[in-house]
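Here's the structure, in structure tokens; my notes come after.
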Amino acid sequence: MSSSSEVIDDWSDNAAGTTRRLARRLRLTPLLAPFSPLAQIITEAKELLPGGVNSPVRAFKSVGGNPIVFDKVKGAYSWDVDGNKYIDYVGSWGPAIVGHADDEVIQALNAQMTKGTSFGAPCELENVLAKMVIERVPSVEMVRFVNSGTEACLSVVRLMRAYTKREKIIKFTGCYHGHADQFLVAAGSGVLTLGLADSPGVPASTAAATLTAQYNNLDSVRAIFEANKGEIAGLILEPVVGNSGFIPPTKEFLVGLKELCAEYGALLCFDEVMTGFRIAKGCAQEYFGVTPDLTTMGKVIGGGLPVGAYGGRRDVMEMVAPAGPMYQAGTLSGNPLAMVAGIKTLEILGRPGAYEHLDRITKKLINGILEAGKETGHAMCGSSISGMYGFFFCEGPVTCFEDAMASDTEKFGRFHRAMLERGVYFAPSQFEAGFTSLAHTDEDIDATIAAVKDALKSL
């Protein structure tokens, strides 16, 4: 929550200063600099990496142009290899909730690195982070650390099947739970960005065991349970959808899901990889007052390092090896660097005023964006919860994946490029939520809203 006066000095309140700044951006933008270091790196990457990236959404397929190649990040800002600076609302896709390269987190990491980066054996830091997670998250009585959100979600599905001795699972269209085979059915995130309903390579038998319902529609869930009595192991969902854009649930929907799972003997899992510790100290389940049987986590609890976790009821978690027969393992699981970064991040989030700050600045941002849309004649809708937000180029409301698909993705692509040229980095897809951090200031939000107004006028 420190002052940003030194790092946003290219933002000017006067019209002449704004004009000069925009002209400078336009000359330096990666979209218009074919001989820049950025363009050279991208050209080389396309020969070395599939599509030039190591995760599909980074390729900017849905917004056009070349992706940004970052050189450094700090606080609420990122810099590309051409020296352009951006106010960053991606935040490494969510982990950077206390700000990029936070001084306290870096100091803790540096201290740990002198002791070693990986043990492949138990360390006390695992206990420390586990206690913090268990104390904060209502559903978690035991926890297992892994290395990614995908790993956490595929492991929890195996656990649900082991515990119930059933095979089928329910997910929701447009929800993304990582790239494991059973989740690449009507998925969101990068799958949606590339316009793929599924992925080649997923066996038909695997896909057949994943049943899809409509988000915020309890009737669609009950119909699946009724048609598959005694066969459903569990239901997994993003309690707030972040991978087909930002779509909040109704309280009645979440309560109804818990009741349906209890009625039909299935386990309820909240995928809180994105929402965990971001929208509340005790995650979405604390915010909405609905406690699932199991929870998956990631992003924030790694403090910027690769991490995932799953946890829940003790009787279910004791099925996990070596306590029980369900096997799951990982060489780097619970590694000391990820643990210490997560510990420090959760410590910072636990300080007075942290979530109040996130809620206030995020509401200010989304309200400013929507008001700018209204002033410039663009149909827009959106909302936020704490440090997570999203907007769509449509009248709305957007309550499910099918509503999100009615948004104007072509306009979003033009808007995204216009914002890059004005020094603001939004997620490069209409179908991804945005994130704020403790490092974002009122000055950042004001500058962003001014840039949004200018960009919308240019569309």
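The values are calculated or read from the model by the stated rules, or taken from the named source; none is laboratory data. These figures come from a predicted structure and were not determined experimentally. Heads up, the Cβs are rebuilt from the backbone with ideal geometry, glycines too, and the neighbour counts pull from every protein chain shown.
In the set Ala209, Ala233, Ala186, only one residue is in contact with a Lys or Arg (Cβ under 8 Å, 6 or more places away or on another chain), at pLDDT 95 or above and closer than 20 Å to Val157 by Cα; that residue is Ala233. Within the stretch 56-88, the residues that satisfy the criterion of being of a type in the set (Lys, Arg) and more than 17 Å from Val424 (Cβ to Cβ) are Arg58, Lys61, Lys72. Of the residues making up the stretch 371-388, those that are among the aliphatic types (A, V, I, L, M) and either closer than 20 Å to Pro249 by Cα or outside the structural domain of Gly434 (by TED's automatic domain parsing) (or both) are Met380, Ile385, Met388. When the stretch 327-374 is examined, which residues are found to be buried (at least 17 other Cβ atoms within 10 Å of the Cβ), of a type in the set (Gly, Ala, Ser), farther than 30 Å from Ala450 by Cα and in contact with a helix residue (DSSP H, G or I) (Cβ under 8 Å, 6 or more places away or on another chain)? Matches in the stretch 327-374: Gly334, Ala338, Ala341, Gly342.
Evaluated against (1) modelled with pLDDT under 95; (2) touching a Pro at 6+ places or on another chain (Cβ under 8 Å), Val240 falls short on exactly one condition, (1). I'd like to know if the stretch 360-377 contains one or more residues that are in a loop (DSSP other than H, G, I, E, B) and of a type outside the set (Asp, Glu). Yes; the residues of the stretch 360-377 include at least one that is in a loop (DSSP other than H, G, I, E, B) and of a type outside the set (Asp, Glu).
Note on the stretch 378-391: residues that are touching a helix residue (DSSP H, G or I) at 6+ places or on another chain (Cβ under 6 Å) and either in a strand (DSSP E or B) or in contact (Cβ under 8 Å) with a residue 60 or more places away in the chain (or both) amount to 7.
Any idea how many residues of the stretch 243-270 are modelled with pLDDT of 95 or more and either in the same structural domain as Tyr389 (by TED's automatic domain parsing) or small (Gly, Ala, Ser) (or both)? Result for the stretch 243-270: 4. At least 2 residues being closer than 30 Å to Met297 by Cα and at pLDDT 95 or above is the threshold, and among the helices (runs of 4 or more DSSP H) wholly inside the stretch 1-115 those reaching it are 103-113.
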